[in-house]
Amino acid sequence: MLGAHRPRTLAQLGLLEARLGRWVRAEEHVVQALGAPDAWVRANRERIERALLRIRSRVASLEIECDQVGATVWIGNEQVATLPLARPLRIPVGTTPVEVRAPGFRTVIRQVTADAGTTARERVSLVADVTAPVTAPVTAPVTAPVTAPVTAPVTAPVTAPVTAPVTAPAGMSTGRVVAWVSLGAGVLSLIGGGVALGYSLTASANFDDPANNCRPTPGSLPAVSCGDYLTIEGDASVATGVLLGSAALFGGVAAVLFATSGSSTRSATAWRCGPGPGTAGVSCGTAF
């Protein structure tokens, strides 16, 4: 899993990221590996430190000041920090597009250029976004109430009771429909969880395969694809847990609804009307 790497795995992941040009991530993982007590890291410390020097030749620092506390900093499609910064950000050397965002304000984009080992500084002032139209409330006119004339009640003659049976269409109950839908969703989630589990196991087997050299011996570097195996294993494991949990949830809902809901609605409902109590009046009732 990607949640808790061993120092050896962190070092190997950092070396892979360096080969892929992901310098900021590579520096973060290699520094974490060197700062942890580990026999493999101690045995390969000299090689790892040489790699760290090469990585840091491709990384610079960035300090950002902003007049809006809580604004977020984005590089690419990733949120990297919330302002104010606790420490300078690490960015690759060269020119990097940096965005500062805050709700209700216009986004500011800066093209930040920095050399290796230097610190770039940016000061950002956000401007409120007033593009949303503001409309005045509409007040309905007030009119005087109209009073209808009061008329004397008219008593209708009492007639013989009339029975008019009304039959409701037979069909499946709402609870039973929801039960079938939940069962179908549970089956689909179970299938998806099985597929995700297969991806996770395959990626783990590829990473452990000696032919891929993902656990290199001293003096050799792992293959570039090893980082992809770790990423696939982590993402597939998370998807497996979510999908299997959803399958269990949908299955439980379906079981409860099947046990508590009837198979169909009432087939017929009859309404009957006739003389009510008193000298004038009609009462109606329903029979199931």
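The values are calculated or read from the model by the stated rules, or taken from the named source; none is laboratory data. Please read these numbers as outputs of a predicted model, since none were measured by experiment. Backbone-built Cβ (ideal geometry, glycine too); neighbour counts: all protein chains shown. Areas reflect the complete protein model, heavy atoms only, side chains present, ligands, DNA and RNA absent. Shrake-Rupley method; radii C 1.70, N 1.55, O 1.52, S 1.80 Å.
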Note to self: Suppose each label sits 7 Å from its Cα in the direction of the beta carbon; what would the T131-V187 distance come out to in nanometres?
What the structure shows: 4.8 nm
Item checked: Residues whose placed amide H lies under 5 Å from that of V108, excluding near-sequence neighbours -> V100
Checklist line | Accessible area (Å², 1.4 Å probe, nearest 10) - D129 | finding: 70 Å²
Margin query: Suppose the Debye formula is applied to equal point scatterers at every Cα of region 2-84; what is log10 I(q)/I(0) at q = 0.10, 0.21, 0.23, 0.26 Å⁻¹?
Written below: -0.32, -0.95, -1.04, -1.18
Notebook entry, point to check: In square angstrom, rounded to the nearest 10, how much accessible surface does T107 have for a 1.4 Å probe?
Noted result: 70 Å²
Next item on the list: At 1.4 Å probe size, with no ligands or nucleic acids counted, give the accessible surface of V24 in Å², nearest ten.
Entry: 50 Å²
Notebook entry, point to check: Restricting the count to DSSP beta bridges whose residues both fall in region 1-127, what percent are antiparallel, rounded to a multiple of 5?
Noted result: 75 percent
Check: With θ set to phi - 60° and the Karplus curve 6.51 cos²θ - 1.76 cosθ + 1.60, what are the ³J(HN,Hα) couplings of region 174-182 in order, to the nearest whole Hz, using x for Gly and Pro?
Finding: 4, x, 5, 4, 4, 4, 5, 5, 4
Check: Which one of H5, A86, G76 has its Cα pushed farthest toward the positive end of the charge dipole of region 1-120, where Lys and Arg give +1 and Asp and Glu give -1 at the Cβ?
Finding: H5
Item checked: Cut-off under 5 Å, modelled amide H: who pairs with V59 long-range -> V93, G117
Notebook entry, point to check: Over region 10-53, what per residue volume does the convex hull of the Cα atoms give, in whole Å³?
Noted result: 54 Å³
Check: Amide H of L126: which non-local residues (sequence gap of 5 or more, or other chain) have their own amide H closer than 5 Å, using H built in the peptide plane?
Finding: D67, Q68
Check: Mind listing the phi-derived Karplus ³J(HN,Hα) values for region 69-84, rounded to whole Hz, using 6.51, -1.76 and 1.60 with θ = phi - 60°, and x for any glycine or proline?
Finding: 5, x, 5, 10, 10, 10, 10, x, 9, 10, 7, 10, 6, 10, 7, x
